[in-house]
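First up is the structure itself, then whatever we jot down about it.
The values are calculated or read from the model by the stated rules, or taken from the named source; none is laboratory data. These numbers were taken from a predicted model, which means no experiment stands behind them. FYI the Cβ positions are ideal-geometry reconstructions off the backbone, even for glycines, and counts take in every protein chain you see.
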Amino acid sequence: MEKEKVEGILKTLRAAYPGAKSRLKYDNPFELLVAAVLSAQTTDDQVNKVTQELFRRYPTAAELAGAEPEEVAACIKSLGLYRMKAQHLVTACRMLVEKYGGRVPDTLEELLELPGVGRKVANVVLANAFGRDVIAVDTHVFRVANRLGLATAGDVRETERQLMTVLPSGTRNEAHHLLIHHGRAVCRARAPKCGECVVKSYCRDADHKKRGEASHSAKDKGDKI
């Protein structure tokens, strides 16, 4: 995509979602890591409801590492996949204590070694806790980026690679939040609100629909002749 179009999309989304940022509530890298792991297949609002009590009980990696998975599961049981997430968190925190003295590592490779941490979670932590210029690709970012033509990829990993190339330096974490906000509010997976979309002029899906409508219209006219 041309540089002007990329800048146009970012400028328009900034105006539509000023100050867009993560909805997860956290005060340090440890809390962000935990919240991001818990957010899989769960809304940020649901995560925030349980982390307040979770962080009160286990304010550090060392204390969470000392817990039994069943205890943690009881604290987060309102979330999807809570038993698996509890096991991941306890095991990950034990690794943090044993390998990093309880601190959260600040490299992609080290983060990916932790149970429950994939590229999305790792990049969320790197970008928001450590200020790295990376983009985390979740379902919203994948969908919206490919609809707008910021990426033309069939999977999340390739979408991430293309976005890292096309997005200007210093805008990637911002773009992550803008695309998420737009995906939640307007560019939904089902029944997107195309009539309310501020960037529909860039949308590849909209172009396809227009061409499809034109094709159907031409066919109808041909049938009538």
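A few comments on the model shown:
- Test result for residue 88, in contact with a Leu (Cβ under 9 Å, 6 or more places away or on another chain), surrounded by 15 or more Cβ atoms within 10 Å (Cβ to Cβ) and either among the acidic types (Asp, Glu) or within 30 Å of residue 198 (Cβ to Cβ) (or both): no
- Conditions (1) among the aliphatic types (A, V, I, L, M); (2) in a helix (DSSP H, G or I); (3) over 24 Å from residue 22 (Cα atoms); (4) modelled with pLDDT of 95 or more; number of the one not met by residue 153: (2)
- Listed conditions (1) within 30 Å of residue 91 (Cβ to Cβ); (2) at pLDDT 95 or above; (3) crowded, with 17+ Cβ neighbours inside 10 Å; (4) not acidic (Asp, Glu) are all met by residue 17, apart from (1).
- Extreme residue, nearest to the chain's Cα centre (by Cα), among residues of region 148-186 that are crowded, with 23+ Cβ neighbours inside 10 Å and small (Gly, Ala, Ser): 175
- When residue 141 is tested against the conditions (1) out of contact with any Leu (no Cβ under 6 Å at 6 or more places or on another chain); (2) in contact (Cβ under 8 Å) with a residue 12 or more places away in the chain; (3) crowded, with 16+ Cβ neighbours inside 10 Å; (4) closer than 22 Å to residue 205 by Cα, the lone failure is (1).
- Total residues in region 164-183, condition part of a helix (DSSP H, G or I) and touching a residue at least 40 places away in the same chain (Cβ under 8 Å): 13
- Scanning region 1-43 for residues that are small (Gly, Ala, Ser) and not in a loop (DSSP other than H, G, I, E, B) yields 8, 15, 16, 35, 36.
- Verdict on residue 46 being within 16 Å of residue 85 (Cα to Cα) and loosely packed, with under 15 Cβ neighbours inside 10 Å: no
- Contact annotation: residue pairs with Cβ atoms under 8 Å, 6 or more positions apart or on different chains, pairing a residue in region 194-216 that is aromatic (Phe, Trp, Tyr) with a partner that is at pLDDT 80 or above, are 202/5; 202/8; 202/9; 202/148; 202/149.
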